[in-house]
Amino acid sequence: MRLDALIAEDEPLLRQALVGQLQRLWPELNLVAECEDGAAALEALESQQPDLAFLDIRMPGVTGIDVARALQTVSPQTQVVFVTAYDQYAIAAFEQGAVDYLLKPVTDERLLATRQRVLARRQAGLPDPTLLERLLRQLAQQPSTPQAAPPLAWITASNGRETRLVMLEDVLYFRADSKYTSVVTADEELLLRSSLRELAEALDPNRFRQVHRSTIVNMQAVASVSREDTGRGVLRLKHRSETLVVSQPFMSLFRGM
């Protein structure tokens with residue numbers, strides 16, 4: 001059985017290793033996308049609609065759990081295989097049949113077992129989506145591993161030759177801009193040398209949310225969110241006149257708002 005698959009893993013060496021194992025042990029599997037983060041995975045899922053997605057649970061910004069939660073909207077026929085180094089997750093819940101899992105480092109034996117499970121599940125029909133939703137709720141409730149450092153409270157950004165100290169609570173949004181990242185406050189726009197991906201790893205996830213591959217927004221600065229006929233969203237800010245686009249795949253992350 002020929003299936004299309006996507007891999008989302010933020011560690012390049014681990015991503016390459018999994019690609020190599022799949023090519024060797026599952027040669028009929030067609031890898032349609034190799035994504036370095038959850039944001040890229042959401043966009044690839046929407047465009048490629050693969051049969052299978054290998055999702056690293058812990059990725060900066062949009063996590064594997066976030067991606068899986070969006071599947072019913074973005075690519076409902078896609079089966080999930082979670083890839084994780086953290087065996088404290090609710091492993092027993094995976095046995096319900098909603099998804100499979102691989103523990104890092106992935107062994108050939110375990111990958112072959114996953115292959116058999118995926119193919120058997122495909123022949124039997126896709127699992128009840130409520131099983132996946134229940135599993136995702138369990139995973140979200142699991143205690144996270146201690147962070148190496150608390151979320152950032154401030155950053156330094158430049159305005160011409162001047163370097164400013166900017167408190168994160170004053171930032172309305174970040175936007176990727178070529179080699180730099182724009183830092184937008186109510187009063188000005190500054191430049192930061194860090195990439196959006198680096199920022200996503202350091203920002204407080206309870207305050208900042210990625211809404212586009214190139215945009216992270218401070219949710220406390222959002223006045224409203226609306227959906228266009230095209231499926232994409234529009235964020236209106238409290239203290240600036242411009243609006244921010246929410247890519248259609250990212251709208252699923254706003255369920256319940």
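Some notes on this structure:
- Built amide H within the under 5 Å cut-off of Leu3, gap 5+: Asn30
- Relative compactness, the chain, computed as alpha-carbon Rg over 2.2 N^0.38 Å: 1.07
- Packing-based exposure ordering (other Cβ within 10 Å, fewest first) of Tyr101, Tyr180: Tyr180, Tyr101
- What the Cα convex hull of the stretch 149-257 gives, in volume per residue, is 107 Å³.
- Residue among Thr163, Thr181, Thr230 with the largest mean-square fluctuation in a Gaussian network model of the chain, springs linking Cα atoms under 10 Å: Thr230
- Close amide H pairs (under 5 Å, H built 1.01 Å from N) link Ala85 with Lys104, residues at least 5 positions away or on another chain.
- Each of Lys179, Lys238, Lys104 was scored by other Cβ atoms within 10 Å of its Cβ. Arranged with the fewest first, they read Lys179, Lys238, Lys104.
- Global geometry of the stretch 1-65, whether rounded, prolate or oblate, following the gyration tensor of its Cα atoms and the 1.5 cut on a/c: oblate
- Using θ = phi - 60° and Karplus 6.51 cos²θ - 1.76 cosθ + 1.60, couplings along the stretch 218-231 (whole Hz; Gly, Pro as x): 7, 5, 6, 9, 8, 8, 6, 9, 9, 10, 8, 4, 6, x
- Contact order normalised by residue count of the chain, Cα under 8 Å, 6+ apart, percent: 14
Each reported figure results from applying straightforward, stated rules to the coordinates on display, with no laboratory input. Keep in mind it's a predicted model, so treat the numbers as computed, not measured. As a convention, Cβ positions derive from the backbone with ideal geometry for all residues, glycine included, and neighbour counts pool all protein chains shown.
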